[in-house]
Amino acid sequence: MKKSITLFLLIISLGLVFAGSAAAAPEVTVEVDQNGTPVNVTSPGEEVNLTANATTDEYLYNPAVLITLDPESGLTFNEDEAIMIYDGELFTNDPNDQFFYWDDYYQAWIWWVGWVYGDQYPGEDAQLFVPATVSALGKITVNADYMRVDEELNEPIVVATDSYTFLSVEPTPVNPVNGETIPMQNTGVPVALAALSLLSIIGGTLYGKLR
């Protein structure tokens, strides 16, 4: 019985240690939304937003997030309107000094989190918001790889990943409704016959009065 209690306490202790380690790990999340609502099904031409969050409880040297699309043509970003909020401070993407841009070497979009201070300290949060247009059909997946630079090797190291998938389908055609497309209702009475009946009634009434 004593051994069972000891083993139980050991398991709890290890669980707390691993839980603490998991809480201290860097984390990245990525999502595609429309007016604040996550996108599940949309169509080409629809305006959406890419949102990403990068948080850490450990020091990261020159961090960045690589964002890739599958297919690559799934979204067309408007990088000139990208916004980054770093620890509560708002920054807009300067065309001459960008924190969100396409990188030919990595063949990916780069969100340079370290653009603000060069590094990221524990407890500092970063958010990215980029307007985009849906530009492909089928499943579209956005992948995010959160990286730091190894100061000794001067090489990027992935510390966290996330992805988001949604479906793009052909838009449903809308049939216009106007006066030209609405058929006249058939009353079952010919117009000429109705006119003759009306004239007969009027004529009979007048004849009665004249008499």
- Task: Could you list the chymotrypsin sites (Phe, Trp or Tyr not before Pro) in the range 105-168 that lie in coil according to DSSP, counting only those with at most 10 other Cβ atoms within 10 Å of their Cβ?
- Result: TYR105
- Item | Virtual spin-label span in nm between THR141 and GLN98, 7 Å along Cα→Cβ | 2.5
- With charges set only on the Cβ (+1 for Lys and Arg, -1 for Asp and Glu), what does the dipole of the range 42-172 come to about its Cα centre, in debye to the nearest 20? 480
- Item | Extension gain (nm, one decimal) between GLU155 and GLU170, 0.36 nm per residue minus Cα-Cα | 1.1 nm
- Task: List the GluC sites (Glu not before Pro) within the range 21-66 that fall in a DSSP loop (any state other than H, G, I, E or B) and whose Cβ has at most 15 other Cβ atoms within 10 Å.
- Result: GLU46, GLU58
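If R₀ is 22 angstrom, what is the calculated FRET efficiency for the pair ASN40 and LEU90, using the beta carbon separation as r and rounding to 0.05? Present the calculation step by step, with values, prior to reporting the outcome.
Numbers: r = 29 Å, r/R0 = 1.31.
FRET efficiency, ASN40 to LEU90: 0.15.
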- Run the quick spin-label model on GLU58 and THR29: label points 7 Å from Cα toward the beta carbon, then report their separation in nm to one decimal. 2.1
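How many percent of the accessible area of the range 71-165 is carbon or sulfur, using a 1.4 Å probe? Intermediate values should be presented prior to the final figure.
Working: 2340 of 5080 Å².
Ligands and nucleic acids excluded, carbon and sulfur give 46 percent.
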- Of all the C-alpha pairs in the range 61-154, what % are more than 22 Å from each other? 30
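The values are calculated or read from the model by the stated rules, or taken from the named source; none is laboratory data. The model shown is predicted, which means the values in this text are computed figures rather than measured ones. Note: ideal-geometry Cβ built from the backbone for every residue, glycine included; neighbour counts use all protein chains shown. Keep in mind that these areas ignore ligands, DNA and RNA; they rest on the heavy atoms of the full protein, side chains included. Shrake-Rupley method; radii C 1.70, N 1.55, O 1.52, S 1.80 Å.
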